Amino acid sequence: MAKFTAMTEILNFIDGRFSAADSGLWLDNIDPSTGKVYSKIARSGASDADRAVKAAKAAFPAWSKLPASERFSHIMRLADGIRQKSEAFAKAESVDNGKPVSLARAVDIPRAVSNFEFYAAAAMHYASSSHYTEGVGINYTLRRPIGVAACISPWNLPLYLFSWKIAPALAAGNTVVAKPSEITPMTAYMLAETAREINFPKGVLNIIHGLGGEAGEPICTHPDVGAISFTGGTETGKRIISQAGMQFKKLSLELGGKNPNIIFADCDFDKMLSTTVRSSFANQGQICLCGSRILVEKSIYKRFREAFTAKVKELEVGNPASESTRMGAVVSEGHMKKILSYIDLAQQEGGRILCGGNRVKLEGELSGGYYVAPTVIEGLDQQCRTNQEEIFGPVVTLDTFETDEEAVAKANATPYGLASTIWTSDLNRAHRTAEAVHAGIVWVNCWLERDLRTPFGGVKNSGVGREGGFEAMNFFTEPKNVCIAYNQ
Ligand code: NAD
């Protein structure tokens, strides 16, 4: 089990063994609540990636030929291993990311366990189709695993998103080379420790640490990697698609967002209000599904603005390790500066800050931490950069609309299309608007209700492909049609 001292070394996990990067180099791992280095990360490169892919390739034939029931057992044991240490995982996630420990305990770690359990079960239930062809015979579809899959994930929901990729890749019979974000690698390292403790088959799951360009890119471009499941920024996604697309690899890209919350006057105001505070600022606004553009029907705008701002002012930013904290630190100094620069930009663009707008300085050892006050801005049109570009922090803008058409036009006015919420009591309007919004996921009168069987992903610059349920099992397998003619 990782001990969180300044000397903790976050090592690569290749072929069931831990190793430092071949270069012998390290990156600092910083605790965002204090701004201090608390562990070291292997700074891997192409040779580490190559070793990991070779190990995964060598392990593939045996793993892919296991009966589904045995893959089920192995993956369930991984889930159990995390569950047994879930408190340690939750604390580690909070330290590494800056998120409140209560959130890591309630959401991140239970969801990582569920991801493994869900896809362990999927291995047992997954089936393919057949088509009877009159006058010919029967076509059936074989779905076989691809081989070595690359799983690359971001920092905002570290183990949650890491496992969301690894679990279906393994369940479908692939072996994996995975890389967590270099900003939040700790729980991926703990996952590797868990895999070793339970004697997870060697080479089936390999985890490489390091920078995206140095460690992630050689995994993605490696000729023996057949599929890439990536979650992260749109610019990184473009780079991966431009390289791996040329190699005809299978790609699933879950990218950035600029999600609208559409609030009609006929909604359940109290439920909408409390959910909208959460959908704006949960995880310090660093969830790809957070709504960052709040569009409110003009007739209730004044009431909404007052009530919303009052509730946001009650959100106290505090020590992520404290049980009562609901808003912790943002993930890094660089990210904090980016968020603050967007708040400056919003003001230059004519926005008025209704609350927040500043860095928060906490006391004592937390004085060097990266804290930003939850920020609400009004007075900006949808075309300005503040409303067009992803900020990915505790910053939302308010805008109004007068008709359903205007609401939809404003909701769709960005290059992104990940998620949307719609608040209304009118059933027809709910269906109509859900259909018209450019988004892969629409929540009506709720937010972040997740059924793991449903398709997950975005349209436009928010990505290509879908995760979730059998969508992910389809992604991690290659269909082959077999046509059998017989005398009919
Ligand atoms: P990022 O794109 O900087 O990094 C994501 C991962 O990709 C990291 O592990 C990084 O090391 C790696 N990487 C970077 N360059 C690479 C390259 N050239 N080749 C291979 N790997 C490379 O993103 P981030 O800052 O870690 O995460 C924030 C972004 O993730 C936001 O844009 C957010 O919207 C997005 N996100 C999307 C979803 C979704 O489901 N659509 C979910 C969570 C986060």
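The values are calculated or read from the model by the stated rules, or taken from the named source; none is laboratory data. Being a predicted model, the structure only gives us computed values, none of them experimental. All Cβ positions, glycine included, derive from the backbone under ideal geometry; neighbour counts span all protein chains shown.
Brief remarks on what is shown
- The criterion of at least 2 residues that are of a type in the set (Val, Ile, Thr) is met, among strands (runs of 3 or more DSSP E) falling completely within region 352-464, by 375-378, 395-401, 419-423, 441-444.
- In summary, residue 193 fulfils each of the numbered conditions (1) among the acidic types (Asp, Glu); (2) part of a loop (DSSP other than H, G, I, E, B); (3) more than 16 Å from the ligand (Cβ to nearest atom) with the single exception of condition (2).
- Pairs with Cβ under 8 Å, 6+ apart, first in region 90-101 and at positive phi, second buried (at least 24 other Cβ atoms within 10 Å of the Cβ) and assigned to a helix (DSSP H, G or I): 98/284
- So residue 175, is it closer than 30 Å to residue 336 by Cβ, crowded, with 24+ Cβ neighbours inside 10 Å, more than 10 Å from the ligand (Cβ to nearest atom) and assigned by TED's automatic domain parsing to the domain that holds residue 92: no
- Among (1) within 24 Å of residue 105 (Cα to Cα); (2) buried (at least 21 other Cβ atoms within 10 Å of the Cβ); (3) charged (D, E, K, R) - the single one residue 254 does not satisfy: (1)
- Index of the failed condition, residue 298 passing every other in (1) surrounded by 15 or more Cβ atoms within 10 Å (Cβ to Cβ); (2) closer than 21 Å to residue 430 by Cα; (3) not aliphatic (A, V, I, L, M): (1)
- For residue 30, the requirement of being within 30 Å of residue 223 (Cα to Cα), buried (at least 20 other Cβ atoms within 10 Å of the Cβ) and modelled with pLDDT of 95 or more is not met.
- The one condition from (1) within 14 Å of the ligand (Cβ to nearest atom); (2) at pLDDT 95 or above that residue 264 does not meet is (1).
- Taken together, the criteria exclude residue 242 from residues that are more than 7 Å from the ligand (Cβ to nearest atom) and surrounded by 21 or more Cβ atoms within 10 Å (Cβ to Cβ).
- Single unsatisfied condition, residue 10 versus (1) buried (at least 22 other Cβ atoms within 10 Å of the Cβ); (2) out of contact with any Pro (no Cβ under 9 Å at 6 or more places or on another chain); (3) of a type outside the set (Phe, Trp, Tyr): (2)
- Residue list for region 125-157, filter: in contact with a Phe, Trp or Tyr (Cβ under 6 Å, 6 or more places away or on another chain), away from the ligand (no atom under 16 Å from the Cβ) and of a type outside the set (Gly, Ala, Ser): 138
- Enumeration of residues in region 368-392 that are touching a Ser or Thr at 6+ places or on another chain (Cβ under 8 Å) and free of Cβ contacts under 8 Å to residues at least 60 places away in the same chain: 377, 380, 386
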